[in-house]
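These notes concern the structure reproduced below.
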Amino acid sequence: MRAQSSAIARSGIAESAVTTPGADGRADRRSGTLQAALGVIAFSLTFPATAWGLEGFGPWSLVAVRSVLAAVVAGGCLLALRVPVPERRYRAGLAVVAAGVVVGFPLLTTLALRTSTTAHAAVVVGLLPLTTALFSALRTGARPSRLFWGAALAGAAAVIAFTVQQSGGALTSADAYLFGALLICAAGYTEGGRLARVMPGWQVIGWALVLCLPLSLPGALVALSYEPAHWSAHSVTGLLWVAVGSQFLGLVVWYRGMAAIGIPKASQLQLAQPLLTLVWSVLLLGERLTPAAPLTAAAVLVCIALTQRARG
C-alpha cells in the first residue's frame with residue numbers, strides 16, 4: 001500500500017511538473033496582456049490631460065514640470081526600496097528610454113496639441129504600434145509573421161489616409177511633430193521592453209526619469225520663468241495625470257506587459273488607444289468628431305485581432 005501510495009505521489013509530482021509550466025506560461029501571458037492593456041488605457045488619457053494642462057502651462061514648462069514630478073515619485077520609490085543603481089551596461093539603454101519616452105514624445109506631442117485637436121493627434125499616433133514593431137525587428141531580431149505585418153501595415157495605411165484627408169492633402173506642422181514623436185517613442189518603447197526583461201518595468205522608467213532630473217529640474221525653472229503658470233482645476237489635474245499616470249504608472253505596467261508577451265504583440269494592443277482617446281476627447285473636452293475619426297479608429301481596431309492571432 002505504501003509503495004502504491006508512493007508511486008501515485010511520484011506520478012502526481014511528475015504530472016504537475018509537466019503541466020504546471022504550461023499553465024504558468026498561459027497565466028503569465030494573460031497577466032502580461034492585462035498589464036499592457038492597462039498601460040494603453042493610461043496612455044489614452046494623455047492627450048486630453050495634456051490639453052487640460054495647456055490651459056494653465058506653456059508647452060515647455062508643462063513637459064519639464066511633468067518630468068520633474070514623475071522623477072520625484074519614481075526616485076522616492078527607488079530610494080524607499082533601496083534599489084541599487086543599474087549596472088553600467090544598462091545605462092545606454094536607459095538613456096534611449098529617457099530620450100524617447102521622458103523627453104521626446106511628451107515634448108513633440110505637446111507642441112503638436114497647441115494647434116491640433118486631441119482626436120486628430122490620437123488617430124495619427126495609431127501608427128505607433130507599427131513603428132514600435134519595426135524598431136523591435138531591427139533592434140532585437142524579432143521576425144513576426146506575414147499576417148502580423150499585413151495587419152500592421154493595413155492599420156498604418158488607414159491612419160496615413162486619415163491624416164492626409166484631415167489635413168487637406170498636405171501635412172501640417174502638428175503632423176510633423178506627431179510623426180517625429182512616433183519615431184522617437186518607438187525607439188524608447190523598444191529599448192524599455194528589452195530592459196524590462198532583466199529588471200522590473202517600474203525600475204526601467206524610474207531610472208530613466210531620475211536620469212533626466214539634472215536636466216528637467218533646471219529646465220522647469222527656466223521654462224516657468226518664461227511661461228508663467230496659471231493654476232486651475234483643469235491645468236493641475238492634467239499636469240498630475242501626465243506626470244504620475246502617463247509618465248510613470250502607465251509605463252510601469254506597459255513595460256511589464258511588453259516583457260511578458262513580447263514587444264511586437266504588446267505594441268499592437270496600442271491600436272486601441274486612438275479609439276479610447278476619441279471617447280475621452282468627447283467626454284472630457286467636448287470635441288466634435290468628424291465621421292472619419294471613429295471610422296479610422298474602428299478600422300485599426302480590426303487589426304488588433306489579426307495581429308494578436310498571428311504567430312511571431
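Over the chain, what is the relative contact order in whole percent, taking alpha-carbon pairs under 8 Å and six or more residues apart?
Computed over the chain, the figure is 39 percent.
Under a Cβ-Cβ cut-off of 15 Å, what is the net charge of the residues other than Ala95 that fall near it, where Lys and Arg count +1 and Asp and Glu count -1?
+3
With runs of 4+ DSSP H residues as the only contributors, calculate the mean residue ellipticity of the chain at 222 nm using -39,500 (n - 2.57) per run, divided by the residue total and rounded to the nearest 500.
-25000 deg cm²/dmol
Between region 106-184 and region 225-282, what's the alpha-carbon centroid distance in Å?
Centre-to-centre distance over Cα atoms comes out at 16 Å.
In whole Hz and in residue order, list the ³J(HN,Hα) couplings for region 211-217 that follow from phi through the Karplus curve 6.51 cos²θ - 1.76 cosθ + 1.60, θ = phi - 60°; x for Gly and Pro.
3J(HN,Hα) across region 211-217, in whole Hz: 4, 7, 4, x, 9, 6, 5.
Let a ≥ b ≥ c be the square roots of the eigenvalues of the Cα gyration tensor of region 166-230; is it rounded (a/c under 1.5), or, if not, prolate (a/b larger than b/c) or oblate?
Cα axes put region 166-230 in the oblate bin.
Can you give the relative contact order of region 48-184 as a percent, counting alpha carbon pairs under 8 Å and 6+ residues apart?
35
Every number in this text was worked out from the coordinates using simple rules, so none of it is lab data. This structure is a prediction, so every number in the text was calculated from the model and none was measured. Ideal geometry is used to build each Cβ from the backbone, glycine not excepted, and the neighbour counts take in all protein chains shown.
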